[in-house]
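What follows is a short report on a single structure.
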Amino acid sequence: MNKIILSGLLLCMTTSAWARPSQTIPKLDENVSQFYDIQQTDMNYGERVLRIYSAVPYNVTAKRPVLYMLDGNGLYPLVVNKAISKFPSDSLPIIIGIGYPVDEAFPSKIRTYDYTPKVAGEAFQEGGGSDGLYQFLQETIRPWAEQQFPLDKQKQTLFGHSFGGLFTLMAYQNHPNDYQSYVSASPSLWWGEGKMVDIAKLTDKQAASPINITLGGLEEKPDLSRLTDEQKKNYQVRKSWITARQICDEIQSHGRICNFTLFEGKNHGSVIPDAINKALEIATQ
């Protein structure tokens, strides 16, 4: 494992709901090293390599909750920075980020493949790898983390935003008890026009952990007058038969726990800090 020594400012969030995200990897705050042991570990994943980021509090005397999260390159530093500003040192969770050994915050091609389920349609042929990544998470990453770190196996949360939010939602749909909580932030339900959403599975009578779905108000009801022509086209093309709010309503109506949070005035990019804050709160409950 190689120690990462990083410092700097938070990633600048885009202000448009469909703007391409900044590919600059955000920096960890200078004082993070006072609270967390920051490491990175490269793991072979088929013919590729995943980079696993970990933040483990110093001087742990009791097992800590753990937050597993997608988009380790782009979001892990933001989560760690928020954690040290939000919690006292004796309440910090362990944070495990799944990323890639590349210089991009959100490497489009590989995350599109890894985070999305296989669905029909020519427009969605670059995806379909989420089942494989989930299996690797369960069979390799989590057992490794359990051996390496003092984590509480009864307080494990899975978190993702955008395609990561879709990955988290599909994890809940197919494996509703693998984690004690799930946080699906702004899930990309336009993928496959939402055909991967299986209401029967989401509302099955079997016991399921709580899921939390978050969304920006401007994602649910965008102000079209403020969008560029390209953004309007994306809005018109990217459709789903079901919305995030409707999914949560369906889950709740069948006796499972789903908490829906709408962050008013926020779009797909600007809502990220709110989603991170919510994920940390849930992970440490």
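Going residue by residue through segment 180-189, is there one that turns out to be closer than 27 Å to residue 142 by Cα, part of a loop (DSSP other than H, G, I, E, B) and of a type in the set (Phe, Trp, Tyr)?
At the first step, the residues of segment 180-189 found to be closer than 27 Å to residue 142 by Cα are 180-189.
This time we only want the ones that are part of a loop (DSSP other than H, G, I, E, B), so: 180, 186-189.
Checking the rest, the ones that are also of a type in the set (Phe, Trp, Tyr) come to none.
Looking for residues that are closer than 27 Å to residue 142 by Cα, part of a loop (DSSP other than H, G, I, E, B) and of a type in the set (Phe, Trp, Tyr), one finds none in segment 180-189, hence no.
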Of (1) out of contact with any strand residue (DSSP E or B) (no Cβ under 6 Å at 6 or more places or on another chain); (2) of a type in the set (Ser, Thr, Tyr); (3) surrounded by fewer than 19 Cβ atoms within 10 Å (Cβ to Cβ); (4) in contact (Cβ under 8 Å) with a residue 12 or more places away in the chain, residue 225 fails just (4)
Matching residues in segment 244-260 (loosely packed, with under 15 Cβ neighbours inside 10 Å and under 30 Å from residue 77 (Cα atoms)) number 2
Restricted to segment 246-265 and to residues being among the charged types (D, E, K, R) and touching a residue at least 24 places away in the same chain (Cβ under 8 Å), the residue nearest to residue 214 (Cα to Cα) is 264
Residue 91 passes all but one of the listed conditions (1) under 20 Å from residue 181 (Cα atoms); (2) surrounded by 23 or more Cβ atoms within 10 Å (Cβ to Cβ); the exception is number (2)
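Going by the conditions given, is residue 209 under 20 Å from residue 157 (Cα atoms), among the polar types (S, T, N, Q) and touching a Leu at 6+ places or on another chain (Cβ under 7 Å)?
Numbers: under 20 Å from residue 157 (Cα atoms): yes; among the polar types (S, T, N, Q): yes; touching a Leu at 6+ places or on another chain (Cβ under 7 Å): no.
Considered against the rule, which asks whether it is under 20 Å from residue 157 (Cα atoms), among the polar types (S, T, N, Q) and touching a Leu at 6+ places or on another chain (Cβ under 7 Å), residue 209 comes out as no.
Please go through segment 31-52 and pick out each residue that is among the aliphatic types (A, V, I, L, M) and surrounded by 14 or more Cβ atoms within 10 Å (Cβ to Cβ).
So the first thing to find is which residues in segment 31-52 are among the aliphatic types (A, V, I, L, M), and the list is 32, 38, 43, 49-50, 52.
Within segment 31-52, 32, 38, 43, 50, 52 meet the criteria.
In this structure, is residue 209 in a loop (DSSP other than H, G, I, E, B), under 18 Å from the mean Cα position of the chain (by Cα) and of a type in the set (Ser, Thr, Tyr)?
Details: in a loop (DSSP other than H, G, I, E, B): yes; under 18 Å from the mean Cα position of the chain (by Cα): yes; of a type in the set (Ser, Thr, Tyr): yes.
Here the answer is yes, as residue 209 does meet what is asked.
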Filtering segment 190-206 down to residues that are assigned to a helix (DSSP H, G or I) and at negative phi yields 191, 199, 200, 201, 202
Considering only helices (runs of 4 or more DSSP H) wholly within segment 67-148, the ones with at least 3 residues that are out of contact with any strand residue (DSSP E or B) (no Cβ under 9 Å at 6 or more places or on another chain) are 72-86, 108-115, 130-136
Residue match in segment 131-139 (condition: under 24 Å from residue 113 (Cβ atoms) and touching a Lys or Arg at 6+ places or on another chain (Cβ under 8 Å))
yes
Of 79, 60, 66, 56, the only residue that is among the aliphatic types (A, V, I, L, M), closer than 22 Å to residue 153 by Cα and modelled with pLDDT under 95 is 60
So, residue 88, is that one modelled with pLDDT of 95 or more, in contact with a Pro (Cβ under 6 Å, 6 or more places away or on another chain) and closer than 22 Å to residue 62 by Cα or not? no
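A quick yes/no check of all residues on (1) in a helix (DSSP H, G or I); (2) touching a Leu at 6+ places or on another chain (Cβ under 7 Å); (3) at pLDDT 95 or above:
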position: 225; (1), (2), (3): yes, no, no
position: 232; (1), (2), (3): yes, yes, no
position: 236; (1), (2), (3): yes, no, no
position: 249; (1), (2), (3): yes, no, yes
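Inside segment 149-179, can you point out the residues that are outside any helix (DSSP H, G or I) and either in contact with a strand residue (DSSP E or B) (Cβ under 6 Å, 6 or more places away or on another chain) or under 22 Å from residue 216 (Cβ atoms) (or both)? Give the derivation first.
Of the residues in segment 149-179, the ones outside any helix (DSSP H, G or I) are 149-162, 175-179.
Hits for segment 149-179 are 149, 151, 152, 155, 156, 157, 158, 159, 160, 161, 162, 179.
May I ask you to list the residues in segment 178-200 that are loosely packed, with under 14 Cβ neighbours inside 10 Å and either hydroxyl-bearing (Ser, Thr, Tyr) or in contact (Cβ under 8 Å) with a residue 12 or more places away in the chain (or both)?
Going through segment 178-200, the residues loosely packed, with under 14 Cβ neighbours inside 10 Å turn out to be 198, 200.
Hit for segment 178-200 is 198, nothing else.
Would you call residue 31 of a type outside the set (Lys, Arg), farther than 25 Å from residue 162 by Cα and either part of a loop (DSSP other than H, G, I, E, B) or within 16 Å of the chain's Cα centre (by Cα) (or both)? Break it down stepwise before answering.
Working: of a type outside the set (Lys, Arg): yes; farther than 25 Å from residue 162 by Cα: yes; either part of a loop (DSSP other than H, G, I, E, B) or within 16 Å of the chain's Cα centre (by Cα) (or both): no.
So residue 31 fails the test.
The values are calculated or read from the model by the stated rules, or taken from the named source; none is laboratory data. Treat the numbers as computed from the prediction; the structure is a model and nothing was measured. So basically every Cβ, Gly included, is an ideal-geometry build from the backbone, and we count neighbours across all protein chains shown.
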